[in-house]
Amino acid sequence: MGLKEQIGEDIKSAMKAKDKLRLETVRGIKKAILEKEVSLRPQGQDSLTPEQEIELLAQQAKQRRDSIAQFQQAGREDLAEKESQELAIIETYLPKQVSDDELEAIVDQIIASVGASSPKDLGKVMGPAMKQLKGKADGKKIQALVKNKLA
C-alpha cells in the first residue's frame, strides 16, 4: 500500500475514532501530497515517487520542529504541545530514524570514503550524507555532527 492509500485509510479511521488532531494532521499531509502532485503534472509525472513522498514528509516534520522551537521561545507551550503531537503523527509515516550511534558510523564512513579532513570539506561530506540519510535523520543534526568531526 502506497503512502496516499495509507493516508486515505488513516483519515477514515481518524474520523471513526473522532480523533480530531490526527484527522487534521493526516488531512494536512494529504493536501501537501496532492499539491505536490499537481505541481509535477506539467513535467508528465502523475504521482509521487517513494523518495518524493519521504522528502515531503521530512519537510512537514521540519516545519513542525521549527514551529515548536518558535512557540517555546515565545512561551506558548500550548501551541508547542499541539505541534509536538502533530510531529509524532507525521513521524509514523517516515522511515525509522537512525540512532545516534548509527548516524555517527555512517558519517564516519562517508568522511573516509570522500577523504575529507578539514572544515573546508563540509560540502563534500554533506551531499552524500544527506542523500544516504534522507528522511532517516534531521539535517541539522547531520550537519552538526559533520562539523564536529571535521573540526
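When Leu21, Leu145, Leu122 are ordered from fewest to most other Cβ atoms inside 10 Å of their Cβ, what list results?
Ranking Leu21, Leu145, Leu122 by Cβ neighbours within 10 Å, fewest first, gives Leu21, Leu122, Leu145.
Using the Kyte-Doolittle scale, which helices in the chain average at least -0.5 and also have C-alpha atoms spread 18 Å or more along the helix axis, with helices defined as whole DSSP H runs? Can you show the working numbers first?
Working: long enough: 3-17 (20 Å, -0.57); 20-40 (30 Å, -0.12); 50-73 (35 Å, -1.21); 77-91 (20 Å, -0.60); 100-114 (21 Å, 0.50).
Within the chain the helices that satisfy the rule are 20-40, 100-114.
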Fill in: Order of Leu57, Leu34 - criterion: other Cβ atoms within 10 Å of each residue's Cβ, fewest first
Leu34, Leu57
Worksheet item: For the stretch 1-131, what does the alpha-carbon gyration tensor say about shape, rounded, prolate or oblate, given a ≥ b ≥ c as the root eigenvalues, a/c under 1.5 as rounded, and a/b over b/c as prolate?
Response: oblate
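Once you list every other residue whose beta carbon is under 12 Å from the beta carbon of Arg27, what net charge do they have if Lys and Arg are +1 and Asp and Glu are -1? Walk me through the numbers before you get to the answer.
Numbers: positive: Lys12, Lys20, Arg22, Lys30, Lys31; negative: Asp10, Asp19, Glu24, Glu86.
In short, +1.
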Response to the item:
Restricting to Cα pairs under 8 Å and 6 or more apart, the percent relative contact order of the chain works out to 19
Worksheet item: Expressed as a rounded percentage, what relative contact order does the stretch 3-91 have, with Cα pairs under 8 Å and six or more residues apart?
Response: 26
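First measure r as the distance between the Cβ atoms of Ser99 and Asp121, then evaluate 1/(1 + (r/R0)^6) with R0 = 30 Å and state the FRET efficiency to the nearest 0.05. Provide the component values of the computation, followed by the final result.
Working: r = 25 Å, r/R0 = 0.83.
Once rounded, the FRET efficiency stands at 0.75.
Neighbour counts of other C-beta atoms within 10 Å: give me Val38, Val125, Val26 arranged from fewest to most.
Numbers: Val38 9, Val125 23, Val26 26.
Fewest to most other Cβ atoms nearby, the residues stand as Val38, Val125, Val26.
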Worksheet entry | Dipole magnitude (debye, nearest 20) for the stretch 1-128, charges at Cβ of Lys, Arg, Asp, Glu | 580
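Every number here is computed from the coordinates shown, using simple stated rules; none is lab data. Values in this document were obtained by computation on a predicted structure and should not be read as measured data. Cβ sites come from the backbone with ideal geometry, for glycine too, and all protein chains shown count toward neighbours.
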